[in-house]
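All remarks here apply to the structure that follows.
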Amino acid sequence: MDQMLVRSSVPLIESGVEALNHETDLELAEESIPANLNMLQGMINIDPNNAQLHTFAAQAFYGLAYGFNEDSRPGRASDFYLRGMKHGLTALEVSGAHDLFNTPIADFEKQINRLGKGSVPAMFWTASCWAKWIDLHRDDTEAISQLSRATALMQRVIDLEDTFYYGGAHMYFGVYYGSRAPILGGNFKKSRQHFDRARKITNSKLLIPDLLQAQYLARQENDREQFNTLLTNIINAPDDLMPELGLQNQIAKRKAALLLKKEREWF
């Protein structure tokens, strides 16, 4: 009976996520996420094999880490990304994949290639948390070695539904190819193509692609003008540019202002 009640509450969670995405007051949004996470954890305790709940938890931990902790408290953000990744992996295991963290990469790819469109949300948020956790542990060779797994998950998202979460997988690959020199596997042309595809999906109303392009690709290309122009345009963008993602755009504005302070240091 408890599990039935939990599962009947899923539409309320979806409505709550939608309402939070509309929120443009960053302080209010930050204060509301922990309460939602505690509620989710309680529901997961009642229904531990509910892949959808674990996916919601992965998304919530990602949002809390990226939007409110990564720039000021990276250690805390790392913990949140790791917790989100674990929830995502649990969701994928419930969906039929097994031991994805430890299995050889060849078997890993075989398993995720058997997952269908219904697993796209779990794959996307697992990969998002996993990649950001790796990004915060660049000096750890064991962490870096896991990047191929996150990348394989995102490639599967591209293959199944490249528009999922406003082209988020394309933003991933924009960073993946744009954050490294070509000699180390970077590809600036591919990076720009992925960022352009992400912008096309949202009619350039979501500001995160521009933020990431400035932060990673423009910096790697040593293009100060591109860096400054992209970030300045983000800051000057209308607050109501995309009301359904008002929170994400406000986060982009705050992060753009922080990055602009590093312009002289980086260029």
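Along region 11-28 the Karplus relation, 6.51 cos²θ - 1.76 cosθ + 1.60 evaluated at θ = phi - 60°, assigns HN-Hα couplings of x, 5, 5, 4, 5, x, 4, 4, 5, 5, 5, 7, 6, 10, 8, 5, 5, 5 Hz to successive residues, with x for each Gly and Pro.
Net length available on complete extension from residue 49 to residue 10 is 12.6 nm, with 0.36 nm assigned per residue and the Cα-Cα distance removed. Label-to-label distance, residue 187 versus residue 233, with points set 7 angstrom from Cα along the beta-carbon direction: 2.4 nm. With Cα atoms defining each centre, region 129-147 and region 193-267 are spaced 23 Å apart in the structure.
Using the Cα centre of region 163-267 as origin and beta-carbon charges of +1 (Lys, Arg) and -1 (Asp, Glu), tell me which of 184, 234, 206 is placed farthest towards the positive end of the dipole. It is 184, whose Cα lies furthest towards the positive end. Among 141, 202, a tally of other beta-carbon atoms within 10 Å of each Cβ gives an order, fewest to most, of 141, 202. Per residue of the chain, the DSSP helices (runs of n ≥ 4 H) give a summed -39500 (n - 2.57) that works out to -22500 deg cm²/dmol at 222 nm. Highest mean packing first, where packing is the average number of other Cβ atoms within 10 Å per residue, the peptides 10-18, 65-73, 222-230 line up as 65-73, 222-230, 10-18. Among 267, 95, 62, flag the residue with its Cα farthest along the positive direction of the charge dipole of the chain, charges on Cβ as +1 for Lys/Arg and -1 for Asp/Glu. Towards the positive end, the residue furthest out is 267. Binning all Cα-Cα separations of the chain at 5 Å, short to long from zero, yields these whole-percent fractions: 1, 6, 12, 17, 20, 18, 13, 7, 4, 1, 0, 0, 0.
Any read-out appearing in this document is the output of simple, stated calculations on the displayed coordinates, not a laboratory observation. Predicted model only: the values in this text are computed from it and were never measured. Using ideal geometry, Cβ is built from the backbone for each residue, glycine included, and neighbour counts are taken over all protein chains shown.
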